[in-house]
Structures are given as C-alpha cells and as structure tokens.
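Accompanying notes for the structure given below.
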Amino acid sequence: MEKELALQMRGITKRFGSVVANDHVDLDVYQGEILAILGENGCGKTTLMNMISGIYFPDEGQIFVDGQEVVIRSPKDAFRHGIGMIHQHFKLVDLFTAAENIVLGVEEEGRYNLKTVNEKVGALANKYGFHLDPQKKIYDMSVSEKQTVEIIKVLYRGADILILDEPTAVLTPQEISRLFDVLRRMKADGKSIIIITHKLNEVLEVSDRVAILRKGEHIATVNTRDTNEAQLTEMMVGKKVSLNIDRTEPKDAAPRLMVKGLNLDNSEGLHVLKDVSFTAYGGEILGIAGIAGSGQRELLESIAGLQPLKSGEIIFRNPKKDRPVTFFHKSMKRVKELGAQGAFHDQDMRPVSFDGMSTAAIRRWVESGDVLFKEDEIINLRNKTPLEIRELGVRLSFVPEDRLGMGLVGSMGITDNMMLRSYRKGPGGFLDRKKPRALADEIIHDLEVVTPGVNTPVRRLSGGNVQKVLVGREIAFAPKVLMAAYPVRGLDINSSYTIYHLLNKQKENGVAVIFVGEDLDVLLELCDRILVINSGAVTGIVDARAATKEEIGLLMTKTEPIRKEDA
C-alpha cells in the first residue's frame, strides 16, 4: 500500500541579506517513515527545519500538511499542525519534574491535575518503550532521560511530525540502540520522523530515505537501502571524498604529559574530578570517551590552567632530545657546544631565550650568572595560568568545547583572533599584523573556511567554520601537547575528515594529542588508546585497536573507578 504524504515543501526559499540559505527547496515526508537530512555545514539543513517548526518564516514557497496548505509563523502554529522539533540543546527547567516540564505551556481548561498529567506521561512512555519516571527531577536525570522528556514533550502536544537535531550526539551506544528502537515504534505508529545528523552509519541503520542538501539546494532524495556512505558523501560534497582515517603506529612514543591524582570540586563543593590519573605520550592520540557532563571539559580546562585544582599534579616533560644534560656553566664555549637556541632559565627560574641574540649579548648574559640546563625538563603545570604556562616555554594548545565563549572573540575577525596568541610580542605599542594575516589566509585556504573575508567577525560564520578557525589557529602554534574537545562537533563529513587528518599529522610530528569525542566509531578508528571517564572518575583505559563500542559503552556507565594498578 502506497504511503500518504504527511508534509510537503514546495519552492521554499530563505535569504539572510545577500546570502541564500535555502534556494527553492522541494521536499516530501511520508507518514510512517524516518527521513534523514544530510549536508555540509551551511547547506541550509537547520534553516529548512526551522521554517517547518516555526522559528523562521520562508521568503518564498509553500508548506502542505496532510495535503492542505498551511502558514507556520511560530512554534505554536507548528504544534497546531502536529509538528514538533527536539533541539540538540535541551530546553528544560532543572528544578521541575519530567511531567511538569512536559505540561509547561500547554493550555488546558481549569487547574492542572498533576496526577492526571503523570498518568498521561507514563502512558506515552510505555506506548513507545521509553524508560521515564514522570516524577523525577530534571537535575537527577541522565542525558538520555532529558532527551526522552523533550521527545515526550512534543508527543504530549499531539505532534505527528517530529524533527530531531543531532539526537545521538551525547548518547552511549546502548542509549543510541534504545533510541532507535523507540523511533521505529513511533514510525510503526504512523509518526513521521526527520533526523538531522552527520553520522552516516546511523543514517544507514535507522532511516528509510535520505535527503541531501548542498549549498542551499535540494540535490536528491534516495532510498537508504539503495545507497552507501561513499555515494552519500559524494552527493553532499559534489566530489569523491576519502572516508579512511590512516592511523599509523606510534613511533618513539615518550611520556609528554603525566596527570596524577587530579581532584576538582565545583563552586557547590561537589566532586567534578576524582583522582584522575593517566599519561599522554608524544606521537600518539589519546581519546577520551564518556557521557556528556562526565568531567571531560573540566579535565582539559584544568590542564590548560583554567580550573583551580583541589589536589594532584600535571607534569609536562620535555624529552632528552629537546634538552641537553643538566649543566651549570659560565663557559661561552660550552654554551655554544650545547646550542644557544634552546630555552634557558636564570637562577630565579625565569625563562631566557638566546634566540636572535648576538654572540656578545649571549656572553654578557652568561658571564653575569650561571646557566641552568636540564636533561628532562620537568614542569608541574598544576594551578598555573595559561600565561604562566606559555612563559615557562610549554607549547600547549587547547581547542575548548565553548568555541566563542572561550576559544575565540566573536566580535573580532579571523586575523585579530590569530593575534590573540602573539599580541604581546609586538615592539612597544605596535602590533605586527602581517604574520597573523598570512596565517588567517592560510587557514581559510587549507581548511576551506567559508567567510566573506579575514576581517568578518567570526560570530557571523557558521558553527563549523568557527571551529575550523579555532583548530587551525591552535595547530599553527606548533604545540607539543594538543588538546581538542569535540573538535568536529557540528562539522560536516568532509570537514570532519580534514580535522582527523590534521590530528594524525600532529601525531606523526611527535605531538601528544588528547582528543575528546562523542562518536565512538571515530574514537576507535582514530585513537591509539581511549580513556573512559564517568562522573569525574577514570573507569578504564583501553587499546583502541582491540576495543569494541560495546566495551567502551559499558565503561561509560561503570560506577567504580579504575584501579591505579590497571592504569
């Protein structure tokens, strides 16, 4: 029996100034199907869905629901026509229960009867196979439970067309499997489900059809059973793209960053990190896996000098090949033999560089005091500020989770954001803009950043392009340790693989790469080892070449921390 159309979009166009986000898009969604929407960053996926859900209003075109033309000017209008959108970032009141959040804003006659609401919510959960206690507070819930509340919220309002934006981004493999089972039950009940995602393997697993957008245009809609990852990627990008991550064996791996017994409490006195210990090696990629909010962000921020620790040590080690033997000497000849371009320290342990100094200047400095050389320079970074870390000569780069709040200044252009790492080096009150401008041009070219120009404020760029600018800047710093928190979040498949290749290149250059990711398939394919964290404690460290998604998923929900002898 032929399925009936639930939603039709005809000639939908949306402009933002001179930028055409959607260009005469035609799209059909059938009753009882799961339709995946794919496309590169900035191709118009979210804009298109925002017009269906009432956040934007189209400049041109028509929308039909169940064969009837409708006008959707607000989310309230969308709900009136049975359309609800579940956003990636949840919009819940933490102090309320699940049922209170679900009924919030629903117009009903008379006073609310919470007992009745709890019964209705419980019935919806049981109907589709959700695991949810209607009376549980949001602040006590896991990420998957919060997502369940968001889905039931739109079902409670009578939605028959559900739009899910990156629904698996923060779930464990077991939670993803349960979500897909629920979506299939909803599909069997006649619901129409639209999923926006970048994970091609999940698209192929759960969807019935796939719609591809490219540069604001609808390229094609294909049956999932008739396609594969390579074909979908080629349609998205417009050219063939290699989807292989060439993981090489670590060579001459040496301990570069040793983290010992880190403990961190938040402002409310709750433990955020609990006795975290691990070693990151130069020439390897160490992945960090865990359910969202398990302490990944705080761990990286504490290493970068942004979180004051309660206890523990963060040891940065420069290997022997970078530093000569421990040596105090006033002999200019001996200094020249050891190489005067290394990092020196005076007796107060302040860094002194001979780079660019004349022989006479070096002699005057050496003769004024002893020179300290260290075979393996050991620096404890605990509770050092980012500036102090840099002044100690530690090349530590950090790509934070919060791109604009912490990584870049949204009101500045790309060139000015490049200068954030070098503005102190300007002579007197003058700044050298030539090198930052050249670096900005290089990043735009190499990472294919879509921007009107180097001086366009980065807040006007798409999330994916903002991420490219941030990653490019941190890699250009030539780090010894590179920490990246969700560096491909929001990036399309082509851009994501560009970032993976850049991280692999850093690994080959001897950099210790620490990669926090949410896609376990990528972690297993890209990393050499994977550290799993849950509720602030390390629950396991596994060999990525031998581990499975199921094994890591179990460690992500494990409550007992790893024994120190197993680390």
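Inspect all residues belonging to segment 106-124 and state whether any of them is among the acidic types (D, E), surrounded by fewer than 17 Cβ atoms within 10 Å (Cβ to Cβ), in a loop (DSSP other than H, G, I, E, B) and modelled with pLDDT of 90 or more. No, every residue in segment 106-124 fails to be among the acidic types (D, E), surrounded by fewer than 17 Cβ atoms within 10 Å (Cβ to Cβ), in a loop (DSSP other than H, G, I, E, B) and modelled with pLDDT of 90 or more. Give me the residue from segment 94-105 that is in a loop (DSSP other than H, G, I, E, B) and at pLDDT 90 or above and, out of that set, farthest from R157 (Cα to Cα). Among those that are in a loop (DSSP other than H, G, I, E, B) and at pLDDT 90 or above, it is L95. Would you call Y497 over 13 Å from the mean Cα position of the chain (by Cα) and aromatic (F, W, Y)? Against the criterion (over 13 Å from the mean Cα position of the chain (by Cα) and aromatic (F, W, Y)), Y497 qualifies. Can you find, within segment 437-465, the residue that is nearest to the chain's Cα centre (by Cα) among those that are at pLDDT 85 or above and buried (at least 17 other Cβ atoms within 10 Å of the Cβ)? Here the residue is V458. If you go through segment 538-559 and keep only what is aliphatic (A, V, I, L, M) and at pLDDT 90 or above, you end up with V538, I541, V542, A544, A546, A547, I552, L555.
Restricting attention to segment 1-29, which residues are of a type outside the set (A, V, I, L, M) and surrounded by fewer than 16 Cβ atoms within 10 Å (Cβ to Cβ)? Within segment 1-29, E2, K3, E4, R10, G11, R15, F16, G17, S18, H24, D26 meet the criteria.
Among the residues of segment 41-50, at least one is assigned by TED's automatic domain parsing to the domain that holds L204, touching a residue at least 24 places away in the same chain (Cβ under 8 Å) and touching a Ser or Thr at 6+ places or on another chain (Cβ under 8 Å).
For segment 139-170, the set of residues classified as touching a helix residue (DSSP H, G or I) at 6+ places or on another chain (Cβ under 6 Å), modelled with pLDDT under 85 and in a helix (DSSP H, G or I) consists of S144 only. Among the candidates K76, K91, the residue that is surrounded by fewer than 15 Cβ atoms within 10 Å (Cβ to Cβ), in the same structural domain as A159 (by TED's automatic domain parsing) and in contact (Cβ under 8 Å) with a residue 40 or more places away in the chain is uniquely K91. Each residue in segment 5-31 was checked for being over 19 Å from M85 (Cβ atoms) and either in contact with a Gly (Cβ under 8 Å, 6 or more places away or on another chain) or not in a loop (DSSP other than H, G, I, E, B) (or both), and 11 of them qualify. Those strands (runs of 3 or more DSSP E) of segment 189-281 in which at least 1 residues are out of contact with any Leu (no Cβ under 6 Å at 6 or more places or on another chain), among the hydroxyl-bearing types (S, T, Y) and at pLDDT 85 or above, considering only elements entirely within it, cover 192-196, 217-223. Filtered by the rule that a residue be out of contact with any helix residue (DSSP H, G or I) (no Cβ under 9 Å at 6 or more places or on another chain), under 23 Å from I194 (Cα atoms) and of a type in the set (G, A, S), segment 79-134 gives a lone residue, G82. For L531, state whether it is among the aliphatic types (A, V, I, L, M), in contact with a strand residue (DSSP E or B) (Cβ under 6 Å, 6 or more places away or on another chain) and not in a loop (DSSP other than H, G, I, E, B). Answer is yes for this residue. Of the candidates I102, I86, the single residue that is assigned by TED's automatic domain parsing to the domain that holds V25 and touching a strand residue (DSSP E or B) at 6+ places or on another chain (Cβ under 6 Å) is I86. Among the residues making up segment 185-236, those that are without any contact (Cβ under 8 Å) to a residue 60 or more places away in the chain, surrounded by fewer than 18 Cβ atoms within 10 Å (Cβ to Cβ) and among the charged types (D, E, K, R) are R185, E205, R225, D226, E229, E234. Evaluation of N318 against the conditions (1) modelled with pLDDT under 90; (2) surrounded by fewer than 22 Cβ atoms within 10 Å (Cβ to Cβ) shows that the sole unmet condition is (2). Restricting attention to segment 157-184, the residues that are among the β-branched types (V, I, T), buried (at least 20 other Cβ atoms within 10 Å of the Cβ) and more than 27 Å from T233 (Cβ to Cβ) add up to 1. Within segment 395-409, restricting attention to residues that are surrounded by 15 or more Cβ atoms within 10 Å (Cβ to Cβ) and modelled with pLDDT under 85, the residue that is farthest from T456 (Cα to Cα) is E401.
With respect to G42, is the statement that it is surrounded by fewer than 22 Cβ atoms within 10 Å (Cβ to Cβ) and out of contact with any Gly (no Cβ under 8 Å at 6 or more places or on another chain) true? The answer is no for G42. One residue is enough: does segment 481-499 have a residue meeting the conditions farther than 24 Å from Q88 by Cβ and surrounded by 18 or more Cβ atoms within 10 Å (Cβ to Cβ)? Yes: one or more hits.
In this entry, H131 is excluded by the filter for residues that are in contact (Cβ under 8 Å) with a residue 60 or more places away in the chain and surrounded by fewer than 19 Cβ atoms within 10 Å (Cβ to Cβ).
The values are calculated or read from the model by the stated rules, or taken from the named source; none is laboratory data. Keep in mind it's a predicted model, so treat the numbers as computed, not measured. Backbone-built Cβ (ideal geometry, glycine too); neighbour counts: all protein chains shown.
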